[in-house]
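A.B. asks: One structure, as structure tokens, below. Some questions next.
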Amino acid sequence: MNWIPWFKWLGGYLLIFVAVFVVAFTVAMSTGDYDVAQSTSGRTIVLLAALVILAWSVWGLHLISDGEQQRWIKYIQGFVVSITLAQGFGGIAQVMWPMYLDNIFRIGGVFLLSIWAFILLLEVARLALSPSWQPLAVAREVLDEAVAMKVVVALVVIALIALAALPFLLNPDEPLRYQVQTFLSWSMAISTVLLSIMTILLACWTLSNEITDKQIHMVAVKPVSRGTYLLGKWIGVVTLNGVLLAVVGVAIYAFVTLYLTSDSAMRDRAMDDEDRIAVMNEVMIARISSRPEPPRPLADEVADTLKKMMQERPQDVMAMGKDEASDQGITFAGDAKLMQLGQERALRLLSNDAWDEWLTLGPNEFETYVFKGLKPALKTWLKRYNAWYPRAEKKIKELTGEQVDLSNHLKADGVLRELYGKHPDAYAQVPPRPLDWMVLRYKIRAPGSENIMMRMRVNGRPAEEKMLVGEVQVMKIPVNFIDDNGELTIQMAVAFDQYPRDKAPTASFTTKEGLSILFPVDRFTPNFIRAFLALWVKLAFLAMVGLFAATFVSFPVASMLAFTVYGAAVLSTYMLESLRAFGLGDTWIGHALAWLITTIATVVSTLISKFGEFTPREQVVEGLLFSWSDLAQCFLWNGLIQTGLLALLAWWIYSKKELARVQV
């Protein structure tokens, strides 16, 4: 290789640096103002110098791209040029936006670190793909193609700049827990969308472009099977996704843990102690959510009410059927069809009414809400309790001479209350009982009231709570209130005696989801890692979607088809709900077309619906657990079943495709 142009560039840069220093020093001596950036002449010098350095850096990049040196030498040269680029942009920022200089330097620093982390991990990936196996050789070519593909590079750069800038765009006046949730939500959403776009474009381009440009003819005559070739393409795209997710994930995690929730950040950014506690207990954690279940089967009550309605007021059901037919676009329908539609509509309305009634609380009319599946929280606490109570029993006997039984945690409160009533001095000397907390999360509405006093019984224990209307609120409940079946029964009613006669309001929870029990089972870090592993599995599915589309259509059509499948997969849950109400009139042609369209759309939506069912981003943002079981199911459905079926179909189409014809 010819080193002369590079050394010329490096020498020129050093001359520029020395010249700028000399000019700045001369101006400072002549004006007596040694803060060059504050004077008009000094800012002009800094700006001109920054522009010259930027232009010189661009020339340096051109020399690197045109050179034939080894890759590691290019990396060293690129590192030097990246420093000069940072100096150029830093000089411009110092003159143009001095009030934002700290944030600009932080964003630039994070961006440069992310770029070099990406380059380093890309080399590690190339090393991992170096064994002499045919699919890995194809995968290495895909990595090289991706780096050379301008759209891919542009999407990567946009993603890294967005992540670097996002923390500094947060509203500092909001509670810190909202800032952390906003950053997590937007950063993970931006990363997911941009990486999904990149995956689809790269997967479609890497195969369809070779077929269109007839480069595939070079491969078709080699001893590489088409299945092996497809597998190698997929491994290459998936490996690139793994590298990018690692860089993006580490950047997001570092911002959250070091910039937003470190000890110093919590002191500076949190509004108060309650805000700090909320960050750690509601966001930087992994919790399980339990929704309430009615103590009586509402479905049976709804069925009985509908049956009675059919017997006593069939004309009302028929009227509902006509409304339903009108909503579905059915213009001609017999009485039997209208009655069927009316029953379906009545069932929905009655079910909604039953839920609303169950979630509505009247004055001193207790309603019961049963939360199940709380055994994990109880089990964790019982480990600590079972280690505590033998020591407590021994200490109590030493102090009072009485032998008490604390093995039943549900009866321990009463035993200790009676003991301390007789021996009040023992309270301060007995080891304190371990105490873990759950959170009752609720949102209540009560027209005409700003807050409302509720009377409660938590597994038989009386309590009162003043609830703020219209806002999401939390109430702490001890874990030891859970019974041995892992259930927590809460009874609630409006405390009518707290209001003037006949003035007690009626309150209701907004939805079933507006009332839940949350309890911690894991830490934020493993939950975050599992979420990104799930995103990797989803991107692997999208890579196969792109390759599948590229096996039989050109790049533009393949990209459009892949993006359509991606959109359908994300919205599959809503599509399935919409298909239930789909209709094309009451003629036999309309019924036939509706059946055909509905059947095809339902099959496709069902096959890809699992893609939209797993929501790791939303669960991490809300501090909810994305468990190993969730990850395993995501891998099973998205990674094995859906990706495997598409891979078989892509292989079958690709194996039948005529790529090259041998003529004699």
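A.B. asks: Calculate, in nm to one decimal, what N386 and E465 gain on full extension: separation in residues at 0.36 nm each, minus their alpha carbon distance.
C.D. replies: Full-extension gain reported as 25.4 nm.
A.B. asks: Could you sort D268, D522 by accessible area so the largest value comes first, with the probe set to 1.4 Å? Write down the numbers at each step before the final one.
C.D. replies: Working: D268 125, D522 45 Å².
The residues order as D268, D522, largest area first.
A.B. asks: Can you tell me which of 308-315, 367-374, 260-267 comes out highest on packing, and rank the rest after it, using the mean Cβ neighbours within 10 Å?
C.D. replies: The peptides rank, most packed first, as 367-374, 260-267, 308-315.
A.B. asks: Beyond 26 Å between alpha-carbons counts as too far, so tell me which of K379/K466; K372/K443; K308/K337; K383/K466; K337/K610 fall in that bin.
C.D. replies: Violating the 26 Å Cα-Cα cut-off are K379/K466; K383/K466; K337/K610.
A.B. asks: At a 1.4 Å probe radius, which order do H409, H423 fall into by accessible area, largest first?
C.D. replies: Details: H409 10, H423 55 Å².
Ranked from most to least accessible, the order is H423, H409.
A.B. asks: Another question about this same structure. What FRET efficiency would be calculated for the residue pair V23, D268, taking the C-beta separation as r and a Förster radius of 45 Å, to the nearest 0.05?
C.D. replies: Details: r = 40 Å, r/R0 = 0.88.
For V23 and D268, the calculated efficiency is 0.70.
A.B. asks: Label F7 and Q429 with points 7 Å out from Cα along Cα→Cβ: what is the distance between them in nm?
C.D. replies: Between F7 and Q429, the label points sit 8.7 nm apart.
A.B. asks: Residues in the range 518-533 near a label at A162, defined as backbone nitrogen under 20 Å from the 7 Å Cα→Cβ point?
C.D. replies: The answer is 531-533.
A.B. asks: Still on this structure: Once the whole set of protein chains is in place, how much accessible area is left on W651, using a 1.4 Å probe, in Å² to the nearest 10?
C.D. replies: The value for W651 is about 130 Å².
A.B. asks: Just to verify a number: what accessible area does S130 come out at with the full protein assembly present, 1.4 Å probe, Å² rounded to tens?
C.D. replies: 60
A.B. asks: Continuing with the same structure: With all protein chains present, calculate the accessible area of C204 using a 1.4 Å probe and round the result to the nearest 10 Å².
C.D. replies: Accessible area, nearest 10 Å²: 0 Å².
A.B. asks: Got a sec? Charge dipole of the range 298-351, +1 on Cβ for Lys and Arg, -1 for Asp and Glu; which of L350, G321, M310 is way out at the positive end?
C.D. replies: Checking the options against the dipole of the range 298-351, the answer is G321.
The values are calculated or read from the model by the stated rules, or taken from the named source; none is laboratory data. None of these values were measured; they are calculated from a predicted model. Note: ideal-geometry Cβ built from the backbone for every residue, glycine included; neighbour counts use all protein chains shown. Only protein heavy atoms, including side chains, enter the accessible area calculation; ligands, DNA and RNA are left aside. Shrake-Rupley method; radii C 1.70, N 1.55, O 1.52, S 1.80 Å.
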